[in-house]
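Read through the structure below, which is laid out as structure tokens, and then see the notes.
The values are calculated or read from the model by the stated rules, or taken from the named source; none is laboratory data. Note that the structure is a prediction, hence the values are computed from the model and not measured. Cβ atoms come from the backbone with ideal geometry, glycine included; neighbour counts cover every protein chain shown.
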Amino acid sequence: MLAVGRLLTKLGVYQMQRRISVRFAALCLSALPALGAIAHAGGVGFAARSPLARATDLGPMDPASSINITVWLKLHDAQALKQMLAQPQQSRTQWLSNAQASARFAPSAGDVAVVSRYLKSEGFTVTGVGPNNFFVKATGTTGRAESVFGVNLHRYTLNGERFHASPTRPVVPQPIAPLVASVGGLSTLGARPNVARPPGQSGVRPNVARATDAEGMIPKLVALNAGAKGLFFSAQCFYPAISESFSGNGASATYQGLRYGAPVSTQQLGSLSPCGYQPSELQTAYNLTPLYQAGLDGTGETVAIVDAYGSTTVQQDLATFSAAMGLPPANLTVLGTSTESPFSGDANAGWADETTLDVEWVHAVAPGANILLVVAPSNSFDDLFAAIATAATQPGVVAISNSWSGYESGTDEPLRQSGDQVLMLANSRGIAVNFATGDEGNETFDLSYQDVNYPASSPYATGVGGVSVALDRNQHIAFQTSWGNNITELADKASLGSPPVDPPLNEGFVFGGGGGTSNVYPLPRFQRELGGQRRMVPDVSWVADPYTGVEIVESVDAQGDQSIGVIGGTSLATPMFSALWGIAVQRAGHPLGEAAPYLYDMPRGAIMDIGAAPSSRTNVTGTLTDSNGTQNLTTWDLALPLQGQPSFVSALYHSPYSTRWFVLTFGTDSSLQAGPGWDPATGVGTPNGWNFVQAFASHGRD
């Protein structure tokens, strides 16, 4: 890797294929015991919506083929642990040590011995035991798995994904049933990462997104010498109102309104993202700088990150990011083996993007914190929860950041029981476990019904959603909206004479922060003031919209060349919040436990309420004249479909990738509406750094 001062970087923004017609709609069911027998939850019959009904059955698995299973064991006295965690945390300074938590609640060595002996007696080979005796891993033949657990395993394909599953729910054999919570590995269907990568192995998806047009154009890579503090992408995303006219093919149109993105003046500049924030800009915008001036930067605390597959270039990418952005060198420790590079081009390369984003932006918000990256060997729920369990046992960890999720309707009670007990034991040690809420709004565009994301929906996790943010010239917040973008095409490429699209093409929802109401979890105590009967997400939000995204540094080839690009998603908001939580723990002087219960009782000024999108007189309107006459197009006409959104911000957008013209909206998060107080689009709002952290001064021992 070249020294930063001489580094030639390849600049570009990776794209996501986002046309609605090619959306991947598979349920995230990587650990479901059976796809055809999903229980009813909250009055919704998920079995009728099983992806197995849409899949192509390729026939039974070879009984002689090998299969890996994970047998999750039950906690001891789980009810007592739930009661302990239900007590108010606000005045608590003492938490269980790892030894205390394990001795009181974790499965015992005797439990492991019983399960292991049984599996061996049935012809399985035991290959490992999890942290705190949480699980027993084993391998055996498919035939033995079918016989022992009463399943009928077939191979399937759905939207190009190959997986195996059973149409019947497994039955845990009686000799070990009292000890077992769930059995993983009997289904391998899941969603792909939310990045433009070739299809391949399925699993849980990281919630990472890159700014894109609906046509998914890929920009050129542009060489640039890295400047001080990464001053490359513009911190100005919005510009004063403009008017643009188009004519051709027997039609003419004129549109006027707010402009998103700087003018596309040259072919070279036209390959770059319209805007993107560096750490110093968001540190100013969210009032983080005074924290650093007071010595509150996460020093002495450890923020853990869990990702599948990792990134083989994360160390050098983080070092370059730190130097280029004016940050101190990072203290990164990696547990597990990274197997993916961001430039590999295979199905799991999106996880390398994810890992890079997570690590760099924990460091950007908490530059003094220790970072522990725990790499799971696959993106199955089994391996990811095992990685969380590992992270929770490491000394000094105060927060665990998870930028991945699955559809809640793609889980069942045994899977959630296994996952939740990992989260509960981490909570008992004073550790906050934070999850991204997803990048698809209410999920109807993928699933045709509303859903939330698990594990963010667990009452033992904090769900982190997303917002769009516009900065003024002083790097202060001009406005924030819920993250949700609709896009409407107005005109084709300039090389074709800029004819208007007649009528404008409402391509609709692109992406947005996940949120809504759980179908399976009751309302937790910390949300009781919200009313209702069930758990709601998100709890809190932060920067996520890739159209107002952030800079990352990432390797683009095996020779060590690196790129500076712009990226977003609730995968950005989650490590940012986890890092801030590390600073809050530093201020308190002791671990604080799960974050969510504090968020609903913060003092005034600690959290910025987003509310509805600001009404704007500069939202885009237009006129279109063709053989049918002249039509006046309102701001609503140019933002459809709105799914009941009462207000939004819209802007004219000249794509630097395709040179097409669009109307781009902000604050149109599917049907999830922002409003005063908590809302399903943004939770309680976004943190005001200094005020947020100082709210925990009273929790300290000083």
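Quick notes
- Flag for PRO198 being more than 30 Å from LEU633 (Cα to Cα), at pLDDT below 55 and not aliphatic (A, V, I, L, M): yes
- Those residues of the stretch 641-653 which are in a loop (DSSP other than H, G, I, E, B) and hydroxyl-bearing (Ser, Thr, Tyr), in sequence order: SER647
- Evaluating ILE607 against the criteria (1) over 21 Å from GLN673 (Cα atoms); (2) crowded, with 20+ Cβ neighbours inside 10 Å; (3) within 25 Å of the chain's Cα centre (by Cα) leaves one unmet condition, (1).
- Flag if VAL136 is surrounded by 16 or more Cβ atoms within 10 Å (Cβ to Cβ) and assigned to a strand (DSSP E or B): yes
- Subset of the stretch 610-634 [surrounded by 18 or more Cβ atoms within 10 Å (Cβ to Cβ) and β-branched (Val, Ile, Thr)]: ILE610, THR618, VAL620, THR621
- Any hit, the stretch 338-354, residues being of a type in the set (Ser, Thr, Tyr) and either touching a Cys at 6+ places or on another chain (Cβ under 8 Å) or free of Cβ contacts under 8 Å to residues at least 12 places away in the same chain (or both): yes
- Scanning the stretch 290-343 for residues that are touching a Lys or Arg at 6+ places or on another chain (Cβ under 8 Å) and not in a helix (DSSP H, G or I) yields LEU296, MET325, GLY326.
- Boolean, THR299 is closer than 30 Å to ALA426 by Cβ, surrounded by fewer than 17 Cβ atoms within 10 Å (Cβ to Cβ) and of a type in the set (Val, Ile, Thr): yes
- One residue stands out in the stretch 654-673 among those that are among the hydroxyl-bearing types (Ser, Thr, Tyr) and either modelled with pLDDT of 95 or more or part of a helix (DSSP H, G or I) (or both): the one that is surrounded by the fewest Cβ atoms within 10 Å (Cβ to Cβ), namely SER671.
- Hey, ASP346 farther than 13 Å from VAL375 by Cβ, in the same structural domain as VAL464 (by TED's automatic domain parsing) and part of a helix (DSSP H, G or I) or not: no
- The stretch 457-474, subset aliphatic (A, V, I, L, M) and crowded, with 24+ Cβ neighbours inside 10 Å, residue nearest to GLN421 (Cα to Cα): ALA461
- Among the candidates GLU408, GLU440, GLU413, the residue that is among the charged types (D, E, K, R), more than 17 Å from the chain's Cα centre (by Cα) and not assigned by TED's automatic domain parsing to the domain that holds ASN68 is uniquely GLU413.
- Residue count for the stretch 512-534, restricted to those that are in contact with a Pro (Cβ under 8 Å, 6 or more places away or on another chain) and either buried (at least 18 other Cβ atoms within 10 Å of the Cβ) or assigned to a loop (DSSP other than H, G, I, E, B) (or both): 10
- When GLN480, GLN394 are screened for being at pLDDT 95 or above, surrounded by fewer than 24 Cβ atoms within 10 Å (Cβ to Cβ) and in contact with a Ser or Thr (Cβ under 9 Å, 6 or more places away or on another chain), only GLN394 passes.
- Search result, residues across the stretch 674-702 that are assigned to a loop (DSSP other than H, G, I, E, B) and over 23 Å from ALA285 (Cβ atoms): PRO680, GLY700, ARG701, ASP702
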